[in-house]
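A quick write-up on the structure given underneath.
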Amino acid sequence: MRSMAPQAWGRSASRSLQAVASRSRWPCPQRPCSGWRAPPPAAAAAAGATPGSSGSTSPSSGQSELVTRTLLGSAGALCSAGLPPGAVAAFSSGGDAAVGGEPTCNRCRIEPLSGEDAEQLSDVLLGLGAQSVVVEEYRAPGAAEQEVFGAESGLWDRCSVVAHFGLETDADAAMAAAWDILGGGESGGESGGGSGGEGLTTEGTAGGSGAVGWRYSVEPVVNAEWVDQIKASYVPLQIIPPGAASDLGAPAGAAAGRGLYIVPSWSEPEDPGAVNIILEPGVAFGTGEHPTTRLCLGHIWSLRGALRGAAVVDYGSGSGVLAIAALLLGAGRAVGTDTDPLAVRAAARNAELSGVAGGFRCLQCSPDLEGPEPLAQAGLPAAGAYDLVVANILRGPLLELAPRLCAYAAPGARLALSGVLAEQVPDVRAAYAEAFEDFEVRTDGSWALVTARRRR
């Protein structure tokens, strides 16, 4: 699922939103998403609109390059899952005051399109006043999913575009204008055609392969539908089954023997006596649905016999799920970092809900080494002060941040790095080999977790 949504950074995904995972500015891999895109000035001018006039906080067109991001809870993530901005606001507010039975926007679905056409149409629709635009894979029921990883992979071969328009915007008129802007009138099709218009078809696309036709439908969207759907689909998730063994000694308490669950704040734990991480979806997320999150949680679980009193740093923490898990399993204190201030607040809130706020601190950081080191800047121990260093981000940031992450680890400390594909493991291992030893690799599908121990 590709989102043309406002910038936001966070961690990942409920059952109805499994295609969207979450993390900070270092995107955690799942289904690749593109960042918010400002409509090209040419398209906006042709439509008689000002770029960004839809009310979004999109970056400039110069910042509109595809970026692999996994998001959930953040406005961008919810939009990328198909939620209109009004529903995002209502859901993120955590209350029902803003949720009514009246339509708050109109949803327009256009399909099928080639990846190139979907990209062009998305930009044009944003210029014509769309509040959000999402690109999804278009496939027939039962057809195999076309997997694409990373921005360099481009879009799917066949796509659907889902645009949300405010009630004040004439979606049919916008579609007619988009058809004209993209040269539909020159291809012999009729511009317009109304909701479900058959006139919006074309017998070929520039640079495309074969005939590609597309049509659209428009329907009103009611906020309550989205809130109820998400709450119904986001249910407690068992990450570790009861009785799972520890690699390092005895469990850190009776609860650890009853497994580990991630529980949404509005749900009751399936087993109140288990280790339950309580999360409140809103601006940053991490449910354990994605393989990299499961790998990291599984490793933390395996260390629980050695975690008692340990100091943990989770760099790029998103919802704080990994740091919270470590605290629930016996760690004495944990520090999380994230580039997004909203994610920082969300992680703190999740720690409070999970009953470990006293041992948790989350800090805003820069996405690279050019910014100040966040822990020392906050007056916290930094160099050589941590027994477990976790980072579930992507290959690029893991390589760039290696000097900082290595410095955090005390002699004999453990390292857990994920957010990488199995084929990327050699690069990651090489970046940390000078400071760490005893490397191990665990995989879940195409994804990998690299663990090691700090040289003494």
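Bear in mind that the values in this text are calculations on the coordinates, not laboratory data. In this text, all values refer to a predicted model and were calculated from it rather than measured experimentally. Heads up, the Cβs are rebuilt from the backbone with ideal geometry, glycines too, and the neighbour counts pull from every protein chain shown.
Quick look at the numbers
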quantity	calculated
Shape category assigned to segment 284-337 from the gyration tensor of Cα positions, a/c cut at 1.5	oblate
For segment 235-454: relative contact order, % (alpha-carbon pairs under 8 angstrom, 6 or more apart)	16
Loop GluC sites (Glu not before Pro), segment 347-456 (other Cβ atoms within 10 Å of the site Cβ: 16 or fewer; DSSP)	GLU370, GLU434
Computed FRET value (nearest 0.05) for ALA144 with GLN238, which takes r as the C-beta separation and R₀ as 22 Å	0.20
Chain lengthening between GLU370 and ASP271 when straightened (0.36 nm per residue, less Cα-Cα)	31.2 nm
Under 13 Å, Cβ to Cβ, from GLY359 - net charge with Lys/Arg +1 and Asp/Glu -1	+1
Potential extension, SER446-LEU167 segment - 0.36 nm per residue separation minus Cα distance	96.2 nm
Approximate spin-label separation ASP157-ASP427, in nm, with each point projected 7 Å along Cα-to-Cβ	2.7
